[in-house]
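The values are calculated or read from the model by the stated rules, or taken from the named source; none is laboratory data. On a predicted model such as this, the values are computed, not experimentally measured, just so you know. Because the Cβ atoms are built from the backbone with ideal geometry, glycine has one as well, and the counts that use them run over all protein chains shown.
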Amino acid sequence: MDDNIQYIKGVGPRKASLLTKLGVFTIGHLLEYYPRRHEDRSHLKTINNLIDGQLETFKGKIVKCFESKPRRGLHITKITVSDFTGMVQLVWFNQPHIKKTYKPGFDLLITGKVKKTYQMEVQNPEIEIITDVDKLEFGAIVPVYATNESISQRFLRNIIRHILNNYDAISEILPLTIIERFSLLDRKLALENIHFPQSMAMLKQARRRLVFEELYLLQCGLLYIKKQNRSNTVGLKHEADGRLVKQVKEQLPFTLTDDQQKVLSEITLDMEDVKPMQRLLQGDVGSGKTVIAALALVKTVENGYQGAMMVPTEILAEQHYSTLSNMLLPLGIKVRLLTGKLPRRAREQALEEIKCGLVDVVIGTHALIQDSVEFQYLGLVVTDEQHRFGVRQRAKLQEKGNTDVLVMTATPIPRTMALTVYGDLDVSTIKQLPPGRKLIKTYVRGSDRRQLVYEFIEKEVKNGRQAYVVCPLVEESEKINAQSAVELYDELLQTELENISCGLVHGKMKSADKELVMDGFYRGEIKVLVATTVIEVGVNVPNATVMIIENAERFGLAQLHQLRGRIGRGGHQSYCILLSDNKNPETQERLTIMTKTNDGFVLAEEDLKIRGPGQFFGTKQHGLPDLKIADIINDIDVFFEARQAAEETLATPEKFDNLRPALRVRFGQEFGMIFCS
């Protein structure tokens, strides 16, 4: 299964290089390159029987191709196809290569959502040119894969079929007892039927087996890490709360909510246990996680240890440093800031003080995990905005001392997602917001109201407030019809906001320039910040009361909520305005949900249903491998079966040892710590 794909008959070095772009390097990767969907080509519809609003697959012959450019940045390609019952238009936006590829007279197999207005059309369909070879597939259930322009469906089907017919090295991964107990297909039969199903019933069984396998292996890996962390019998044991912790609690200018009290009790019990704490604290934006982290840090200092907090950006580190210094310095607790932009001499001094134990609490960015950072006796590690750090980064910081670990995230995570992404951690949740916090008023508006929206910003700024304007793109794109931050910033400086101090921040800027702008906004010198999603995890600016999100349809609900959480942090009423001209009913429904609730957990569940787990955190942010076939919303029953089976496997060391080779192949990079023991 580890053999290079270039040696498969019909592949060779050139095609192998193209396959690597799809993440396929070995025979094993190819067999696990599962179809996106299947087409039952024994029941293709004629054009006159296509149903409006339905995803349909049908055949047609190209009659003509033409293109138009109605405005700058928009290129429309249309292909008219027909069969003996009628005609339909295929439409693509900003894909001019389509016209070069498909010519009149070609027979096509077309899949897409049908739209009937004054004529029938299918926008951005998937299409294949039908040849004599393809006609053999009519009457069969055919796999459809995610491909690119260089790799065709036919090529993938042929090489996968060749492997399944000619290779006998497809060995079983799951223990026989689990296969029998959960009535699963054997692995070879499952792979054959996920690619080339004998029937829809066999396809369903094959998918269930492979979903179970994927979730079972993932849970085994995560539960093993959790077990290793807990089985360390020489962990730190903190004593009961003493004078310092009680003093901090008494000095707080507010009373902790019931949720905060409950979470603090869970953390306290963990820290007072000899087994190392491994806990995830998730709480909505503004729910008061930082004060819980501060109390935990004070507890570790009071017990004679050092504490560390790692955050994803320098400006967030500086903000936490400021907050914790104000709280802890009066108590004699020394707090140090450690970021990449510290001058060399200051950095060397900080490293020496940390190593000698002269610093009690260190706040920093990923600079904390560098080898040069040594602690005298590290007792607690807190990572904030955990989805920005991977499993390996968390482990690397923990390795600097035999420590308790508290992981925090403001991204509300549905339970199944939390078990999948953070299966190695115990989970605590703060749902209550502090009393007196005003709900953010959220509205959806079309571009015809844009001028009124920016006049509202002007009014708020005159009243002493600040505002964010968020765009989906950094720069103008010919491929994507959406607002860019650079273009809008230039436009606003010359129009609506010409008399207002504005700043621009985006991901392509140098870190130093970005930090300079963010700092200006934090200090109130910049009144309106035009930005991309780089501000999703940003500074706490209580004076910011307005957020405009351009092309809001291009963001997921969880991300919109995360962005909205940048405002509403002070005593003034705050407003979030979602600008969108997208009339798609599903999009409108999604944006309307934002206007109805400020509850991040409700929105997270909806977002997971709409967008799926693959996009929940964005590309690779959670530091775990992508799920290849499982869907933790629709496969919830299989998920809990797989987790139960994984827990039973972990209870028997020899069973887990038999599984290590499969885990090494599947998760070697992500879970390297499994193979070090």
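List of remarks:
- Helices (runs of 4 or more DSSP H) wholly inside the stretch 228-307 containing at least 3 residues that are closer than 17 Å to residue 383 by Cβ and either at pLDDT 90 or above or in contact with a Lys or Arg (Cβ under 9 Å, 6 or more places away or on another chain) (or both): 258-271, 289-302
Table: residues versus (1) over 29 Å from residue 567 (Cα atoms); (2) buried (at least 17 other Cβ atoms within 10 Å of the Cβ).
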site: 254; (1), (2): no, no
site: 278; (1), (2): yes, yes
site: 294; (1), (2): no, yes
site: 303; (1), (2): yes, yes
site: 309; (1), (2): no, yes
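- Contact map, the stretch 347-375: first residue in contact (Cβ under 8 Å) with a residue 12 or more places away in the chain and in the same structural domain as residue 332 (by TED's automatic domain parsing), second residue among the aromatic types (Phe, Trp, Tyr) and not in a loop (DSSP other than H, G, I, E, B), Cβ cut-off under 7 Å, separation 6 or more or different chains; pairs are 363/321.
- If you filter the stretch 331-390 down to residues that are of a type in the set (Lys, Arg) and not in a helix (DSSP H, G or I), you find that the one that is surrounded by the fewest Cβ atoms within 10 Å (Cβ to Cβ) is 341.
- Unique residue being free of Cβ contacts under 8 Å to residues at least 40 places away in the same chain and β-branched (Val, Ile, Thr) when the list is 300, 268: 268
- Sole residue being of a type in the set (A, V, I, L, M), at pLDDT 90 or above and within 32 Å of the chain's Cα centre (by Cα), chosen from 151, 173, 178: 178
- Scope the stretch 553-573; condition over 15 Å from residue 442 (Cα atoms) and either aliphatic (A, V, I, L, M) or part of a helix (DSSP H, G or I) (or both); matching residues: 554
- Figure legend. Inter-residue proximity from the stretch 132-153: first residues closer than 20 Å to residue 192 by Cα, second residues among the small types (Gly, Ala, Ser) and modelled with pLDDT of 80 or more, beta-carbon distance below 9 Å, spacing 6+ or different chains. Indicated pairs: 141/199.
- Set 76, 62, 51, 47: member being loosely packed, with under 12 Cβ neighbours inside 10 Å and at pLDDT 85 or above: 51
- Of the residues making up the stretch 159-196, those that are surrounded by fewer than 16 Cβ atoms within 10 Å (Cβ to Cβ) and among the polar types (S, T, N, Q) are 165, 166, 171, 177, 183.
- Filter result for residue 56 (of a type in the set (D, E, K, R), more than 18 Å from residue 191 (Cα to Cα) and in a strand (DSSP E or B)): yes
Here's the yes/no breakdown for (1) in the same structural domain as residue 553 (by TED's automatic domain parsing); (2) at pLDDT below 55; (3) within 22 Å of the chain's Cα centre (by Cα); (4) under 27 Å from residue 3 (Cα atoms):
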{"site": "617", "(1), (2), (3), (4)": "no, yes, yes, no"}
{"site": "637", "(1), (2), (3), (4)": "no, no, no, no"}
{"site": "644", "(1), (2), (3), (4)": "no, no, no, no"}
{"site": "652", "(1), (2), (3), (4)": "no, no, no, no"}
{"site": "662", "(1), (2), (3), (4)": "no, no, no, yes"}
{"site": "665", "(1), (2), (3), (4)": "no, no, no, yes"}
{"site": "669", "(1), (2), (3), (4)": "no, no, yes, yes"}
{"site": "672", "(1), (2), (3), (4)": "no, no, yes, yes"}
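- One residue from 39, 67 being in contact with a strand residue (DSSP E or B) (Cβ under 6 Å, 6 or more places away or on another chain) and either outside the structural domain of residue 128 (by TED's automatic domain parsing) or outside any strand (DSSP E or B) (or both): 39
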